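Bear in mind these aren't lab numbers, they're just calculated from the coordinates by the rules spelled out. Owing to the predicted nature of the structure, the values given are computational and were not obtained by experimental measurement. Here the Cβ positions follow ideal geometry from the backbone for every residue, glycine too, while neighbour counts run over all protein chains shown.
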Amino acid sequence: MTNLDARLNSVLDRITSDDFLESRGLSGDMPFWVFDYPPEREEDVRKHVESIVHQAPKKRQGLKLSHVNLLELVRDILTERKFLDKSYAMQKAKGTAATLNALRGPLDAQKVARALVDRCKPTDTDVVLVSGVGSAYPLVRVHNLLNALQPHFSGTPLVFFYPGIYDGQTLRLFGELSDKPYYRAFRLAQ
């Protein structure tokens, strides 16, 4: 068993524990968590997240868990606003840079945060899991999204499954792309 496998296997017990669900030991900090992992293990993590989604309510009766795939959320936002097909056509005609620039408004971090909150309803949920982070890049930047989510998640634990490195201060997507420092999340499953 690899270190990642051991870490993945610890997630279910951790997110269903009283300490985690009640944000004990966080000294009033936001209950934001990052589970970082090597990007080449994406498929294993996806399968494990799906397993957690099914097992958590069985392990802890009455647990309300919400899972949001960030790429699916982005697709749904663009579809709802009738931008999805237009963005494909624009990328083909004008390239990726022009398309990303055009999507900055519709996919502003505040708008994505509101859509995520509408989907997972943190006031009615015990824990929220977010996957698909790497697939949504560069349309959504995690540090911007985490900042935008803060007003909406006062006590509900939020876990981002992150294909890269989080050292408690800096997010590095795919282990290579540096993002702005983000100090408000905790690393899940050391």
- [ ] Compute the long axis of helix 84-94 from its Cα atoms, compare it with the longest principal axis of the Cα atoms of the chain, and write down the angle in degrees, 0 to 90, nearest 10.
- [x] 50 degrees
Task: Spatially near lysine pairs across region 3-187, Cα under 27 Å, sequence gap of 8 or more or different chains - done: 18
Task: Bins of 10 Å, starting at 0 and running to the largest distance - Cα pair percent for region 3-187 - done: 9, 37, 37, 14, 3, 0
Open item on the list: Restricting things to Cα coordinates, could you compute the convex hull volume per residue of region 32-125 in Å³?
Closed with: 139 Å³
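Take each of the peptides 122-128, 139-145, average the number of other beta-carbon atoms within 10 Å over its residues, and list them starting from the highest.
Numbers: 122-128: 17.9, 139-145: 20.3.
Highest-to-lowest ranking by the protection proxy: 139-145, 122-128.
Could you state the per residue volume, in Å³, of the convex hull enclosing the Cα atoms of region 73-162?
Working: hull volume 7.6 nm³, N = 90.
Measuring per residue, one finds 84 Å³ for the Cα hull of region 73-162.
For region 3-55, how big is Rg over Rh, using alpha carbon atoms and the Kirkwood form of Rh?
Values: Rg = 12.4 Å, Rh = 12.3 Å.
Taking Rg over the Kirkwood Rh, I get 1.01.
When the chain is fully extended, how far beyond the present Cα-Cα distance does Glu40 get from Lys82, taking 0.36 nm per residue of separation? Don't skip to the end; give the middle numbers.
Details: separation 42, 0.36 × 42 = 15.12 nm, distance 3.31 nm.
Gain on extension, Glu40 to Lys82, equals 11.8 nm.
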Task: Between helix 70-80 and the chain: long-axis angle, C-alpha atoms, 0 to 90°, nearest 10 - done: 40 degrees
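Give me the percent of DSSP beta bridges within region 64-190 that run antiparallel, rounded to the nearest 5. If you can, show how the numbers build up before the last one.
Details: 6 of 14 bridges.
Around 45 percent antiparallel, to the nearest 5.
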- [ ] Note down the magnitude of the dipole of the chain about its Cα centre, charges +1 on Lys and Arg C-beta and -1 on Asp and Glu C-beta and zero elsewhere, to the nearest 20 debye.
- [x] 580 debye
Task: Within region 130-158, backbone nitrogen closer than 18 Å to the virtual label 7 Å beyond the Cα of Glu50 toward Cβ - done: 130-136
Task: Percentage relative contact order, the chain, counting C-alpha pairs under 8 Å, at least six apart - done: 34 percent
